[in-house]
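First the structure, in the form of structure tokens, and then the observations on it.
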């Protein structure tokens with residue numbers, strides 16, 4: 001594999017993640033599929049790369065004290081359970097030869113839903129801002145049923161007193177996604193924290209980064225010890241490109257409007273989703289594929 | 001691209017060679033190996049192996065049919081799982097699989113003339129020289145219906161990826177005595193012993209055969225990482241994490257320095 005191609009890919013996704021403030025895992029992993037990296041390797045290696053980018057991000061949040069460590073730990077418990085579950089499913093399907101299908105289907109579904117929602121929402125936001133000159137969207141928090149659950153705990157940084165069950169469930173979902181898709185899961189966790197848990201927006205990103213590091217770290221270890229699919233050289237190349245790209249992206253992002261950024265990101269997500277979906281729907285040129293039997 | 005010499009006995013060396021098993025065949029391949037290793041390093045981008053040698057004979061060159069040379073290089077043959085896709089519920093999914101328990105990871109045939117003139121079909125069957133014969137004859141599970149399709153798929157996919165190749169007219173033969181050829185090997189080689197066979201033929205019949213091995217091994221960083229990931233996966237995982245965390249911290253520190261200036 002060409003080192004410069006990988007550095008370039010890392011850089012490109014880095015620019016996007018800097019511009020849009022997303023982790024980039026959900027773009028990087030499909031791109032790795034497109035250049036011919038086996039999905040199992042792409043997912044495991046990307047988990048490792050996310051550790052690096054999240055760690056770099058969370059340090060800034062620690063300095064600003066915008067990390068709810070206690071909430072992070074509770075999410076973590078769910079995350080570890082989810083990651084373990086995810087790797088078990090992953091390995092089982094790998095033995096059956098269906099892991100590529102699982103990973104790609106997950107991507108098509110998630111990218112389709114997230115890209116579609118983002119596209120509609122940013123279209124609405126642009127239309128609204130043209131009419132009224134930018135009214136803030138009303139925050140609607142559904143907290144009724146959450147307060148009825150047992151095992152309540154106080155989260156001082158977030159100013160919450162809620163049951164630990166919802167955060168653990170959110171953690172489990174994100175853990176499964178991390179193990180199967182090689183993503184941090186920020187694009188699921190951030191909305192879940194705001195709308196389901198009702199956490200204040202300023203601690204959401206830091207806390208989600210904090211949780212992502214441990215979950216993707218744990219996922220990396222699981223893949224490395226059960227599948228041998230973590231590729232350090234690949235991870236380092238993506239990392240170098242990604243770190244530099246992210247800094248450039250942050251600077252570009254400053255000059256663009258939030259709605260425009262979001263609509264661009266939505267289009268990109270939809271394009272990647274369409275490419276993955278077409279690969280599944282159209283008849284492949286080669287119906288046979290070779291896989292090693294793990295018996296080295 | 002680096003060139004490795006499978007060094008040859010030169011014409012001068014020919015005279016010095018002792019009489020060995022020459023009685024068995026009238027014409028015999030002489031090939032000394034000065035370098036019989038291919039080292040796969042972290043920056044390995046393929047290799048071209050130069051194979052050259054000479055034909056040793058006690059009698060004058062027979063005048064009937066010209067001498068032809070065939071060189072084959074065959075990699076280790078681990079089992080391979082072949083899967084077939086079919087359309088289910090509108091999407092293409094893997095439906096069945098066959099374990100072909102021995103298919104070389106690499107197979108190259110170089111000949112000094114078009115294949116059907118250098119070797120007859122009967123001789124091909126006996127020595128398993130052509131790609132089809134070398135692979136299919138060792139394929140497993142042939143009792144399964146349609147198993148031949150799976151074996152064909154192995155050949156087709158590996159040919160497309162450059163792992164199997166038939167290179168006709170690529171062996172140069174001088175004066176029916178000296179021969180040389182270059183075999184290109186791709187970057188992602190499988191480790192192991194590469195069987196190298198050299199056949200001398202006249203009129204499509206094999207008159208002499210010579211075998212040797214090329215040792216293909218990962219070395220240096222590549223060797224270290226591969227061994228660590230298989231033998232100490234826990235340590236390897238921790239190392240990956242340590243590198244990731246160090247890189248993340250380093251990036252954060254470097255850019256906050258830049259920003260503060």
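Any residue that is closer than 30 Å to residue A:227 by Cβ and modelled with pLDDT of 80 or more - is there at least one of those in the range B:202-215?
yes
Could you go through the range A:210-220 and let me know if any residue there is more than 14 Å from chain B (Cβ to nearest Cβ) and modelled with pLDDT of 80 or more. Outline the logic, then answer.
We begin by selecting, within the range A:210-220, every residue more than 14 Å from chain B (Cβ to nearest Cβ); these are A:211.
Cutting the leftovers down to modelled with pLDDT of 80 or more gives us A:211.
Among the residues of the range A:210-220, at least one is more than 14 Å from chain B (Cβ to nearest Cβ) and modelled with pLDDT of 80 or more, which makes the answer yes.
Considering only the range A:272-293, I want to know if a residue exists there that is in a helix (DSSP H, G or I), within 7 Å of another protein chain (Cβ to nearest Cβ) and more than 28 Å from residue B:259 (Cα to Cα). Before you say what the answer is, go through the steps one by one.
First, pick out the residues of the range A:272-293 that are in a helix (DSSP H, G or I): A:272-281.
Next, only the ones that are within 7 Å of another protein chain (Cβ to nearest Cβ) stay: A:280-281.
Cutting the leftovers down to more than 28 Å from residue B:259 (Cα to Cα) gives us A:280-281.
Scanning the range A:272-293 turns up at least one residue that is in a helix (DSSP H, G or I), within 7 Å of another protein chain (Cβ to nearest Cβ) and more than 28 Å from residue B:259 (Cα to Cα).
Going by the conditions given, is residue B:145 away from chain A (no Cβ under 13 Å), modelled with pLDDT under 85 and touching a helix residue (DSSP H, G or I) at 6+ places or on another chain (Cβ under 8 Å)?
no
Suppose we keep only residues that are surrounded by fewer than 19 Cβ atoms within 10 Å (Cβ to Cβ) and in a loop (DSSP other than H, G, I, E, B) within the range A:188-209. Which one would you say is farthest from the other protein chains (Cβ to nearest Cβ)?
If we take residues in the range A:188-209 being surrounded by fewer than 19 Cβ atoms within 10 Å (Cβ to Cβ) and in a loop (DSSP other than H, G, I, E, B), then A:198 is farthest from the other protein chains (Cβ to nearest Cβ).
Having 2 or more residues that are at pLDDT 85 or above, more than 27 Å from residue B:161 (Cβ to Cβ) and more than 14 Å from chain A (Cβ to nearest Cβ) is the bar; report the strands (runs of 3 or more DSSP E) wholly within the range B:49-141 that clear it.
B:67-74
Yes or no: residue A:43 closer than 29 Å to residue A:244 by Cα and at the interface with another protein chain (Cβ under 10 Å from one of its Cβ atoms)?
Considered against the rule, which asks whether it is closer than 29 Å to residue A:244 by Cα and at the interface with another protein chain (Cβ under 10 Å from one of its Cβ atoms), residue A:43 comes out as no.
Only one of B:234, B:224, B:255, B:199 is at negative phi and more than 14 Å from chain A (Cβ to nearest Cβ). Can you tell me which?
Answer to the check: B:199.
Considering every residue within the range B:150-167, establish whether at least one is surrounded by fewer than 16 Cβ atoms within 10 Å (Cβ to Cβ), within 14 Å of chain A (Cβ to nearest Cβ), touching a helix residue (DSSP H, G or I) at 6+ places or on another chain (Cβ under 9 Å) and at pLDDT 85 or above.
yes
Take the range B:170-200 and flag every residue that is out of contact with any strand residue (DSSP E or B) (no Cβ under 7 Å at 6 or more places or on another chain), more than 24 Å from residue A:286 (Cα to Cα) and outside any strand (DSSP E or B). Working first, answer last.
Taking the range B:170-200 and keeping what is out of contact with any strand residue (DSSP E or B) (no Cβ under 7 Å at 6 or more places or on another chain), we get B:174-175, B:186-188, B:190.
Imposing the further condition that a residue be more than 24 Å from residue A:286 (Cα to Cα) reduces the set to B:174-175.
Within the range B:170-200, just B:175 meets the criteria.
If the requirement is being under 21 Å from residue B:249 (Cα atoms) and touching a residue at least 40 places away in the same chain (Cβ under 8 Å), which of these qualifies: A:11, A:79?
Of the residues listed, the single one that is under 21 Å from residue B:249 (Cα atoms) and touching a residue at least 40 places away in the same chain (Cβ under 8 Å) is A:11.
Looking at (1) touching a residue at least 12 places away in the same chain (Cβ under 8 Å); (2) over 18 Å from residue A:175 (Cα atoms); (3) in a helix (DSSP H, G or I), which one does residue A:233 not meet, given that it meets all the others?
Failed condition: (1).
Out of (1) closer than 16 Å to residue B:179 by Cβ; (2) surrounded by fewer than 16 Cβ atoms within 10 Å (Cβ to Cβ), the odd one out for residue B:198 is which?
All conditions pass for residue B:198, except number (2).
The values are calculated or read from the model by the stated rules, or taken from the named source; none is laboratory data. None of the values given here were measured: they were computed from a predicted structure. Here the Cβ is made from the backbone with ideal geometry for all residues, glycine too, and neighbour counts use every protein chain on show.
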